[in-house]
Amino acid sequence: MKWIVAAIVSGAPVLAAAETVAPADVTFDDYGAVEQSLTGTPGDPANGAAIVGNKKAGNCVACHQISALSDVPFQGEVGPMLDGAGDRWSEAELRGIVANSKMTFEGSMMPSYYKTTGYIRPGDGFTGKAAEEPLPPLLEAQQIEDIVAFLVTLKEE
């Protein structure tokens, strides 16, 4: 557990360190952006790139093409190409999209990587075997921050 350390700067509290924001406590703005870091720790772009290209983790390349990861085979065409993502979206917008894209793009097929409740479970009526909520998030908070740190580096060339 991390301690929260607050200071008063110009009359406003400033967090020096923060606890990890739980999936249920993420605050999305009206457009789906998440301004607050989920961990208070800067993301690692290299680790983010590894998660994006990892078929057992983020697997973003299953749906998106990313020229910076040209060594990762079988890139998809379902989602938009992510080249230039750092120019098209702000860090807060990218964090919101990765955490729960449905808050930005209603009806998106993209998984909600940092969500634990509110799933539509139609299979439960047929099998009675659907997992009970809350489910674990697909990615941890720091993994989301790492992916966002990588995506903001993707600029138009």
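Figures for the structure shown
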{"read-out": "Apportionment of accessible area to carbon and sulfur, the chain, percent (1.4 Å)", "value": "58 percent"}
{"read-out": "ALA46/ASP25 FRET efficiency (R0 25 Å; Cβ-Cβ; nearest 0.05)", "value": "0.35"}
{"read-out": "Area of THR41 that stays accessible when all protein chains are in place (1.4 Å probe, Å², to 10)", "value": "50 Å²"}
{"read-out": "Under 20 Å from LYS102, Cα to Cα: lysines that are on another chain or at least 8 residues apart", "value": "LYS115"}
{"read-out": "Helix-only mean residue ellipticity at 222 nm for the chain, each DSSP H run of n ≥ 4 adding -39500 (n - 2.57), per residue, nearest 500", "value": "-6500 deg cm²/dmol"}
{"read-out": "Centre separation in Å (Cα based) which lies between the stretch 92-131 and the stretch 23-58", "value": "15 Å"}
{"read-out": "Accessible surface ranking that places the most exposed of PHE28, PHE150, PHE105 first, with a 1.4 angstrom probe", "value": "PHE105, PHE28, PHE150"}
{"read-out": "Correct choice for mean projected area of the Cα convex hull in nm² that was computed from the model, options (1) 13.6; (2) 11.6; (3) 10.1", "value": "(2)"}
{"read-out": "Check: the chain dipole with +1 on Lys, Arg Cβ and -1 on Asp, Glu Cβ, in debye", "value": "420 debye"}
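The values are calculated or read from the model by the stated rules, or taken from the named source; none is laboratory data. Bear in mind the structure is a predicted one, so any value in this text is a computation, not a measurement. Every residue, glycine among them, receives a Cβ derived from its backbone with ideal geometry; neighbour counts consider all protein chains shown. To get the accessible areas, we keep the full protein, side chains included, count just its heavy atoms, and leave off ligands, DNA and RNA. Shrake-Rupley method; radii C 1.70, N 1.55, O 1.52, S 1.80 Å.
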